[in-house]
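**Student:** Please read through the structure below; I'll follow up with questions.
Just so it is clear, none of the values below were taken in a lab; they were calculated from the coordinates. Just so it is clear, the model here is predicted, and its values are computed rather than measured. For neighbour counting, all protein chains shown are included, and Cβ atoms are generated from backbone atoms with ideal geometry for every residue, glycine included.
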Amino acid sequence: MVVASPDATHADCALACVAAGKPVLCEKPLAPTSAECARILTAEQAHGRRVVQVGYMRRFDPAYIDMRRRFAAGDLGDALLMHCIHRNAAAPGWFTALMAITNALVHEIDVTRWLLGDEIASIEILRGRSTSASKAPDPLQAIMRMAGGQIVDVEVFMNAGYGYDVRAELVCEKGTLTMVPPAHAELRHNGVQSFPFAQDWRPRFAAAYRLQMQAFVDSIETQQPTGAGAWDGFVATAVAEAGVKALESAAPVRIELPTVPGFYSGR
């Protein structure tokens with residue numbers, strides 16, 4: 001089963017799938033609140049087998065996979081900093097500052113945990129001068145401190161105007177890894193070298209979505225979970241909730257997570 005309905009319906013849909021024993025690929029977030037995510041964790045553990053995959057498709061993106069592989073090789077030493085850019089051409093009129101955290105920043109929350117192999121210990125959300133294209137504070141800057149001491153900064157700019165642009169740079173002890181925006185072709189004309197930006201996420205992550213779906217289908221046959229699981233969905237939502245508090249309080253918020261259930265250890 002694939003759940004791609006509005007965010008508020010995710011928890012009930014996922015719970016129905018678990019109750020029926022059906023594997024489910026649930027679009028992010030797993031649920032709008034960590035309490036709802038916890039209900040899914042409880043239901044899945046009672047079922048006795050992991051059947052929930054959460055649609056954090058960046059784990060299947062070739063660029064992120066390459067960064068993770070190169071970092072894991074160890075030649076660059078320990079990670080020190082990670083810089084992330086998350087820009088959209090334009091957000092819908094109903095998009096709020098809180099959704100910039102709960103619906104957009106959650107991607108960086110998940111992918112940094114996955115890439116660095118560490119948990120997020122605290123989050124701070126900074127707001128400065130906003131673009132005239134938005135009624136909500138935009139852009140926002142997130143500062144996340146990992147449990148291992150690394151600092152991750154994320155620019156979330158929902159009305160950047162020029163196109164959809166997602167990038168990352170990992171700064172390590174002995175070098176850096178920089179994600180190069182993919183382009184099918186570069187134009188050289190009239191003394192200018194350029195490439196186009198997509199207007200939304202679909203062209204940029206088309207391969208990631210395809211690979212994620214294939215991995216989900218394969219996991220049904222092998223009964224081996226893949227991608228982000230229910231625990232990852234819970235953590236991402238819990239960190240996003242802390243991010244909302246940080247935006248409202250204008251202060252860093254420490255993140256206290258429960259112990260990982262043995263059911264999800266080794267994920």
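**Student:** Among 25-31, 35-41, 144-150, 75-81, what's the highest-first ranking by average C-beta atoms within 10 angstrom per residue?
**Tutor:** Packing order, densest peptide first, comes out as 25-31, 35-41, 144-150, 75-81.
**Student:** Continuing with this model, one more query. Tell me which of M213, G161, H10 sits at the most positive position along the dipole axis of the range 2-264, charges placed on C-beta atoms (Lys, Arg +1; Asp, Glu -1).
**Tutor:** Of the listed residues, the answer is G161.
**Student:** What percentages make up the Cα-Cα pair-distance distribution of the range 18-133 when the bins are 5 Å wide from 0?
**Tutor:** Here the calculated profile for the range 18-133 is 2, 8, 15, 19, 17, 16, 13, 7, 3, 1, 0.
**Student:** How big, in percent, is the set of alpha carbon pairs in the range 2-264 lying more than 24 Å apart? Don't skip to the end; give the middle numbers.
**Tutor:** Numbers: 17320 of 34453 pairs.
Counting pairs separated by more than 24 Å, the tail of P(r) holds 50 percent.
**Student:** Residue separation times 0.36 nm, minus the C-alpha to C-alpha distance between R69 and I143: what's the value?
**Tutor:** Between R69 and I143, full extension yields an extra 24.2 nm.
**Student:** Also, quick follow-up: For the chain, what is the calculated [θ] at 222 nm in deg cm²/dmol (nearest 500), taking -39500 (n - 2.57) for each run of four or more DSSP H residues and dividing by its residue count?
**Tutor:** Values: 7 runs with 88 residues, N = 267.
Calculated mean residue ellipticity at 222 nm is -10500 deg cm²/dmol.
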